[in-house]
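Here the structure comes first, spelled out in structure tokens, and everything after it is commentary.
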Ligand SMILES: NC(=O)c1ncn([C@@H]2O[C@H](COP(=O)(O)O)[C@@H](O)[C@H]2O)c1NC=O
């Protein structure tokens with residue numbers, strides 16, 4: 001089965017996988033507080049605006065101090081956002097401003113809406129916070145945002161409503177590997193995120 005991009009959010013763990021028929025020449029690049037999907041060096045040029053984006057963003061815990069004095073190093077609090085497009089950034093920025101995760105997801109997904117491509121591709125996103133985790137999707141016919149307490153999957157095609165999903169990973173590396181290896185067609189790359197005592201750890205599986 002081909003489900004396109006998908007994510008899984010457990011309450012303390014998250015995974016995101018790029019599956020792609022049309023743009024397989026992509027990889028995930030690790031940055032300081034983000035993971036970015038980008039074309040590989042040998043990818044053909046394209047004007048498609050939807051294939052390069054931050055698929056994971058770390059959000060530092062809110063602090064009463066001024067913006068300049070906020071902690072810059074990862075701590076055990078804070079949140080993580082995962083998703084399949086440019087909406088990941090406004091969701092993270094709203095969490096930074098103190099929006100509840102449900103509202104940050106709903107507002108950002110609705111503002112950007114589904115992608116205006118040949119497939120009306122939905123936008124999907126998830127958050128892992130200190131006390132709760134959420135998933136969301138905006139499709140041509142619906143906006144769904146739901147709190148999750150067990151691992152939950154949502155995908156762009158076919159499996160496009162949040163559903164409970166058997167996901168055993170406990171570390172970021174296991175999450176990236178398990179998502180990459182799941183039996184959905186056209187795997188390209190995957191990201192894993194897990195909360196640890198020090199903050200969130202990230203891992204990437206680029207299938208190399
Ligand atoms: N986020 C992504 O990595 C991504 N990759 C492809 N798309 C969109 O989905 C369309 C279909 O792509 P595919 O045939 O690879 O599933 C593409 O034309 C593009 O508009 C994406 N947009 C949303 O999932």
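Extension gain for residue 99-residue 1 works out to 31.6 nm (0.36 nm per residue, less the C-alpha to C-alpha distance). Summarising the label geometry, the points placed 7 Å from Cα in the beta-carbon direction at residue 168 and residue 41 lie 3.7 nm from one another. Note on the chain: the alpha carbon radius of gyration divided by the globular reference 2.2 N^0.38 Å gives 0.94. For the stretch 80-148, the equivalent ellipsoid built from the Cα gyration tensor has semi-axes of 20, 12, 9 Å, listed from largest to smallest. Relative to the longest principal axis of the Cα atoms of the chain, helix 172-181 runs at roughly 20 degrees. Result for the chain in a Gaussian network model with C-alpha springs under 10 Å: among 101, 194, 43, the largest mean-square fluctuation is at 43. Largest GNM mean-square fluctuation among 47, 115, 147, using the chain with Cα springs under 10 Å: 47.
Quick note: the coordinates plus some simple rules give every number you see, no bench work behind them. The structure presented is a predicted model; accordingly, all values stated were derived computationally and were not measured. All Cβ positions, even for glycine, are placed from backbone atoms using ideal geometry, and neighbour counts span all protein chains on display.
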